[in-house]
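Engineer: Structure below; questions to follow.
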Amino acid sequence: MEVPFVDFSKQYQEIKNEIEPGLKKIFEAGNFILGKEEKDFENEFASFCESKYAVGVNSGTDALYLALASLGIKEGDEVILPPFTFIATALCVSYCRAKPVFVDIEPDTYNLDPKKLRQAITPKTKAIIVVHIYGQSAQMDEIIKIAKEHHIKVIEDAAQAHGARYKGKKIGSLGDVACFSFYPTKSLGAFGDGGMIVTSNEQIYKNSLMLRDYGREGRYEHKIKGHNSRLDTVQAVILSAKLRRLDSWNLLRAKAADVYRRQLGQVKGVVIPAVKSDRTHIYQTYAVRLKNRDKVLDVMKEKKIGVLIHYPIPVHLQEAYQELGHKKGDFPVSEEISAEILSLPMFPHITEEQLTAVSDALKAVL
Ligand SMILES: *Cc1c(COP(=O)(O)O)cnc(C)c1O
């Protein structure tokens with residue numbers, strides 16, 4: 001049995017009839033940029049995140065960049081982040097001409113390790129970007145406590161964690177500002193690129209609004225050198241329909257993860273995701289640790305089981321960041337996880353049959 005890495009065709013069937021009239025309305029009215037539906041979706045998403053404000057932008061990468069810019073991050077500043085993430089978490093720091101400073105991750109959740117945070121803070125540190133990797137929150141209480149002691153801002157890279165909770169609170173409401181991606185394969189995915197900045201801080205909100213729209217105040221009066229980064233009205237209509245179903249889709253992901261846990265939890269040589277009791281995991285990605293990962297990867301591909309590596313090279317060892325002068329061994333946990341991690345097929349409508357086919361194929365290789 002072939003199993004794709006993701007298959008969102010059933011999602012489309014569910015929302016098809018609902019989005020068609022909404023899209024038709026936009027095509028006829030022509031309000032493609034910052035139309036009413038876009039504003040409506042911002043409000044819906046802010047309340048979904050239990051936050052005050054949301055600002056729709058072009059992508060998750062732009063959400064991170066403009067969030068940092070709205071905090072005034074600039075040349076000479078340092079921003080802390082984990083090296084075990086998608087490169088966009090670091091790129092946004094570079095776009096601001098600030099310096100990315102890495103802090104290694106915890107070996108069980110793969111999130112930024114608060115125990116290693118203090119030693120990385122210098123007088124230049126202005127912000128910490130916390131990545132809720134794969135859909136489970138980092139230890140936010142510890143991280144926010146340390147940040148407050150040093151008057152440092154906390155940015156949530158929530159690109160993989162739409163709808164997850166930490167100690168009952170929604171991801172997106174924990175830091176000073178949170179950034180979401182609506183890239184098609186994220187748990188809330190557009191039919192193209194999109195992103196969102198979420199905050200309860202009025203100043204960050206106002207700055208973000210201006211930064212995403214040419215720095216304008218009136219139509220042709222520009223207060224700052226802003227950017228062009230807005231969420232399309234068309235995408236907002238699609239995302240709004242999907243948002244109404246997100247909690248139930250996240251539950252389906254959790255059920256699929258339960259099946260994997262039953263089938264793989266006791267298998268020698270497989271480490272399944274560790275879920276902490278004070279938070280929920282939305283399984284944007286279902287990643288297992290394997291000692292012989294590369295061999296498993298090849299065999300799974302031969303068997304037409306969709307698997308991917310998130311992420312094979314930690315950011316500090318990427319060629320794009322060689323200027324920082326890092327070497328192998330600098331962040332050993334991130335390096336070890338990068339060498340052992342494998343993402344298995346995961347999407348809300350994955351069937352028990354498909355899950356079993358994946359588990360059986362994996363067990364056969366081991
Ligand atoms: C996807 C992702 C991003 C970037 O989002 P885009 O919408 O693709 O620009 C940033 N950080 C993390 C952790 C991501 O997974």
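Since every read-out is calculated from the coordinates, none of them should be taken as a lab result. Here the structure is a predicted model, which is why all the values come from computation and not from measurement. We place every Cβ from the backbone using ideal geometry, glycine too, and count neighbours over all the protein chains shown.
Engineer: Could you please find all residues in segment 47-85 being part of a helix (DSSP H, G or I) and more than 10 Å from the ligand (Cβ to nearest atom)?
Structural biologist: Matches in segment 47-85: SER47, PHE48, LEU66, ALA67, LEU68, ALA69, SER70.
Engineer: Right, another one. Please state which one of PRO100, PRO21, PRO107 is assigned to a strand (DSSP E or B) and either away from the ligand (no atom under 12 Å from the Cβ) or buried (at least 21 other Cβ atoms within 10 Å of the Cβ) (or both). Give the steps one after another, and end with the answer.
Structural biologist: Working: PRO21 fails: assigned to a strand (DSSP E or B); PRO107 fails: assigned to a strand (DSSP E or B).
Criteria check complete, one pass: PRO100.
Engineer: Given the conditions (1) surrounded by 24 or more Cβ atoms within 10 Å (Cβ to Cβ); (2) within 20 Å of LEU68 (Cβ to Cβ); (3) away from the ligand (no atom under 11 Å from the Cβ), and given that HIS151 satisfies all but one, which numbered condition is not satisfied?
Structural biologist: Result: HIS151 fails condition (1) only.
Engineer: What do you reckon, is TYR220 surrounded by fewer than 18 Cβ atoms within 10 Å (Cβ to Cβ), more than 12 Å from the ligand (Cβ to nearest atom), more than 18 Å from THR89 (Cα to Cα) and aromatic (Phe, Trp, Tyr)?
Structural biologist: Yes, satisfied.
Engineer: Just wondering, is there one or more residues in segment 170-192 that are away from the ligand (no atom under 16 Å from the Cβ), within 19 Å of the chain's Cα centre (by Cα) and not acidic (Asp, Glu)?
Structural biologist: Looking for residues that are away from the ligand (no atom under 16 Å from the Cβ), within 19 Å of the chain's Cα centre (by Cα) and not acidic (Asp, Glu), one finds at least one in segment 170-192, hence yes.
Engineer: Residue under question is GLY195, and the condition is that it be within 11 Å of the ligand (Cβ to nearest atom) and surrounded by 18 or more Cβ atoms within 10 Å (Cβ to Cβ); does it hold? Before the answer, list the steps.
Structural biologist: Working: within 11 Å of the ligand (Cβ to nearest atom): yes; surrounded by 18 or more Cβ atoms within 10 Å (Cβ to Cβ): yes.
Yes.
Engineer: What about ALA159, is it more than 17 Å from ALA67 (Cα to Cα), touching a Gly at 6+ places or on another chain (Cβ under 6 Å) and not basic (Lys, Arg)? Let's see the steps before the verdict.
Structural biologist: Working: more than 17 Å from ALA67 (Cα to Cα): no; touching a Gly at 6+ places or on another chain (Cβ under 6 Å): yes; not basic (Lys, Arg): yes.
So ALA159 fails the test.
Engineer: Have a look at VAL288, VAL315, VAL275 and point out the one that is under 19 Å from ALA138 (Cα atoms), within 16 Å of the ligand (Cβ to nearest atom), of a type in the set (Val, Ile, Thr) and out of contact with any Cys (no Cβ under 8 Å at 6 or more places or on another chain).
Structural biologist: Working: VAL288 fails: within 16 Å of the ligand (Cβ to nearest atom); VAL275 fails: within 16 Å of the ligand (Cβ to nearest atom).
From the options VAL288, VAL315, VAL275, the qualifying one is VAL315.
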